[in-house]
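What follows is a short report on a single structure.
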């Protein structure tokens, strides 16, 4: 299964690069690929996110609502990838607000594709980037090492300081820079 992570990383990187190109071109009113590319990038997130969610679920021991979810999910990817993902999520929120509010006050003209490409591509970048970071973490750690363990091999949560099974002290995770 480890071998499948590399094509998934390439898929995520290509989706991220393509959505970034679409986003930049949308500033100039250019819509490469038209509605076909729009749909492909939109639907293309799902083949990436299904494995990413399953990997993240395995890392978290099934507890998806942990306060340190993103820290845990991206703990094995390079720092630049983590910062890029956080940046894309912040940008996606700002970009969406800039996209939605003017669209609410304008009548529909049928020529909204460049505007839609611009609005949605911010989210595509965020989700392809996050998927890439999660899959990269799994690739660098190995699928058999996704969950934290105490010195005696028991599974422990990412926020635990002591093993719930044997009580052994668990090394604290290094703080992310």
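Filter segment 130-156 down to residues that are surrounded by 18 or more Cβ atoms within 10 Å (Cβ to Cβ) and over 18 Å from the mean Cα position of the chain (by Cα) and give me whichever is modelled with the highest pLDDT. It comes out as 150. Scanning segment 157-177 for residues that are surrounded by fewer than 12 Cβ atoms within 10 Å (Cβ to Cβ) and part of a loop (DSSP other than H, G, I, E, B), we see that the one that is modelled with the lowest pLDDT is 177. Listed by position, the helices (runs of 4 or more DSSP H) contained in segment 1-117 that have at least 1 residues being at pLDDT below 90, more than 16 Å from residue 131 (Cβ to Cβ) and not assigned by TED's automatic domain parsing to the domain that holds residue 154 are 2-26, 34-43, 69-73, 79-105.
The values are calculated or read from the model by the stated rules, or taken from the named source; none is laboratory data. Bear in mind the structure is a predicted one, so any value in this text is a computation, not a measurement. FYI the Cβ positions are ideal-geometry reconstructions off the backbone, even for glycines, and counts take in every protein chain you see.
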